[in-house]
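**Q** Handing you a structure now.
Throughout, read-outs are computed from the coordinates displayed, never taken from laboratory work. Computed from a predicted structure; not experimentally measured. Here Cβ is always computed from backbone atoms with ideal geometry, including for glycine, and neighbour counts include all displayed protein chains.
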Amino acid sequence: MTQEEDYLHQEHLCILEEVEKGFTIGIIGTGTGFESILDLTHNPDLEEFFPQLKLVALAQPYSRDRRLQKALNMGVKLYDSYSEMLNAHPEINLIIELTDKQHMIKMLRKSLPPNISMVDHNAAAFLCGMLVMAEVSTRCRLNLNQQQALFEAVTDQIQDDMLLLDTSGIIQDINMNVIKRLERPKPEILGRQCWQVFACSDDYAGPGFSNAECPFKKTLEHQKPAEAMQTWVDGQGRARYFRIYTYPVFNEAGQLTRVVEMRRDITVRTEMEKRLQQSEKLAAIGELSTYIAHEIRNPLFAIGGFANAVLRNPDLDSVSRDKVNIILQESKRLDKILKSIINFARPTQPEQQEIDVNDVLEDIMQLFNLTCEEQGVQVDMQKGHGLAHAKGDPELLKQCLINLVKNALESMPDGGTLTLRTFMEEEFIGVEVGDSGKGIPKDIRERIFNPFFTTKEASGAGLGLAMTKKIMDDMGGRIDLLSQEGKGTLTTIRLPLFPAIPDGIE
């Protein structure tokens, strides 16, 4: 820093120090701008625009000036001469001259000590202009605050997530719905990348779409609105579906400066669409099942009959006998698959009986205890006490639980923990079947209840979970599945409570 720069720096510091101290003011005369000066020195809303101004005294006032009472009410002392005022108030460091007399200005400039600054009546007009500007600024700020409050009130009532992003994807502002969904304070969300805030709970799952599909990237590239579908897995492993919309925001020069992103939760709508699609699939399967039974089972019956007849031939050599056995086994396997299809398509008419879910769970685990021991699977059974009875078909419930336990054990070939829990929740009796297996990959979670979808290439027709869901729907219950890769899967079925009906009422 040069000597001249150092001098200017020190001078600026001195000025700032004086401003921070503020000014103790004495006024001489009550000419033009007097009332504006009174307002300027006693308006707390102007403190951020001006240094602290304290009016303590007034000299040489016009005796019949009606504004004197206003000054007295403000605590200002009156004096006949400015010298008398200065003697009574040595703390005054700023004189404002409003006599409109040139000889007074000359006299003050000669007589005032160097520690007292002076503003004459000409410069006072500048202060009045500053007052007008400050008042206009206050009104503009008030209007701006009102508009901002109105905007926030409107956006906070919108049930979709709204985010204001800059061109780097950094969150500038959000509405209340985002805060509620993420359960995090607003300062913790602002300033972060949007894809960091809304990333999936899976560490490697990312935000749910690639950069090529990202609507924010599309809006930046094409400067047009864009949209995309996102599958988001929350912290509990529950899949949620969002429709993402992005809109460009341009400045007066036509440059894209911001992007508004709206995230609409369409999980309920998506699930309803899936149920409708599944119902349509089931209806199509039902129509085809009769044709399949007629056109395929009769030839299979003939193939099986002829294969058995050939096997009874004593002259059949061992090689041919093995081949005929293969034909017979495969025909039986096809017949089994065909029966599964027909059973799946056939309308379920569950009996509405009283079910003790704890007893059903005990019966089922007797079938799997040996398998659990052989696989090294630990069973953690937590049966709720004093549970109400559920309403449904006990045999169909057993079929559902057998499917779920079997799937859980198949996900833990090298051992793990099988968790079974019964509980009561509002109007439902629930049974949870959890495992510590590998979990369900994110890309197939949407299809796990689809008929004929299976991850078992060697065996299985893909009807286990689909049939379980169909049975639960027919019994008035429901099934929910939560899964996280590498952590396991938790499947919960819920059945309605069995009502207590008084005797004689059916």
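**Q** For HIS121, HIS222, which order do you get if you count the other beta carbons within 10 Å of each Cβ and list the fewest first?
**A** Fewest to most other Cβ atoms nearby, the residues stand as HIS222, HIS121.
**Q** Would you please give the FRET efficiency between LYS406 and GLU362, computed as 1/(1 + (r/R0)^6) with r the Cβ-Cβ distance and R0 = 22 Å, to the nearest 0.05? Could the numbers behind the result be given before it?
**A** Working: r = 17 Å, r/R0 = 0.77.
Given R0 = 22 Å and the Cβ-Cβ separation, E is 0.80.
**Q** Now for a separate question. Just to confirm a number: summing +1 for Lys and Arg and -1 for Asp and Glu over residues other than ASP39 whose beta-carbon lies under 10 angstrom from that of ASP39, what do you get?
**A** On the way: positive: LYS70; negative: GLU35, GLU135.
The answer is -1.
**Q** Filter LYS383/LYS487; LYS406/LYS469; LYS442/LYS487 down to the pairs with a C-alpha to C-alpha distance above 21 Å, please.
**A** Working: LYS383/LYS487 23 Å; LYS406/LYS469 15 Å; LYS442/LYS487 13 Å.
Table pairs above 21 Å Cα-Cα are LYS383/LYS487.
**Q** Would you give the gap between the C-alpha center of region 98-117 and the C-alpha center of region 365-406, rounded to a whole Å?
**A** Spelled out, the Cα-based centre of one part sits 100 Å from the other.
**Q** Here's another thing I want to ask about it. What's the extension gain from GLN223 to ASP315 if we count 0.36 nm per residue and subtract their Cα-Cα distance? Numbers along the way, then the final one.
**A** On the way: separation 92, 0.36 × 92 = 33.12 nm, distance 8.15 nm.
My answer for the length gained is 25.0 nm.
**Q** If each of MET118 and PHE250 carries a label point 7 Å out from its Cα toward its Cβ, how far apart are those two points in nm?
**A** For MET118 paired with PHE250, the spin-label model returns 5.9 nm.
**Q** Please arrange VAL431, VAL136, VAL249 by counting, for each residue, the other beta carbons lying within 10 Å of its beta carbon, fewest first.
**A** Numbers: VAL431 26, VAL136 10, VAL249 15.
Result, fewest neighbours first: VAL136, VAL249, VAL431.
**Q** Could I ask something else about it? Amide H neighbours of VAL377 under 5 Å, at least 5 residues apart or on other chains, H built in the peptide plane: list them.
**A** Here GLY416 satisfy the definition.
**Q** Now for a separate question. Can you give me the pair-distance distribution of region 353-496, C-alpha pairs, 5 Å bins, whole percents?
**A** Bins of 5 Å from zero give 2, 10, 20, 23, 21, 15, 7, 1, 0 percent of pairs.
**Q** What full-extension length gain, to one decimal in nm, is calculated for GLU354 and LEU144 as 0.36 nm per residue of separation minus the Cα-Cα distance? Mind showing how you got there, number by number?
**A** Working: separation 210, 0.36 × 210 = 75.60 nm, distance 6.52 nm.
Contour length minus Cα-Cα distance gives 69.1 nm.
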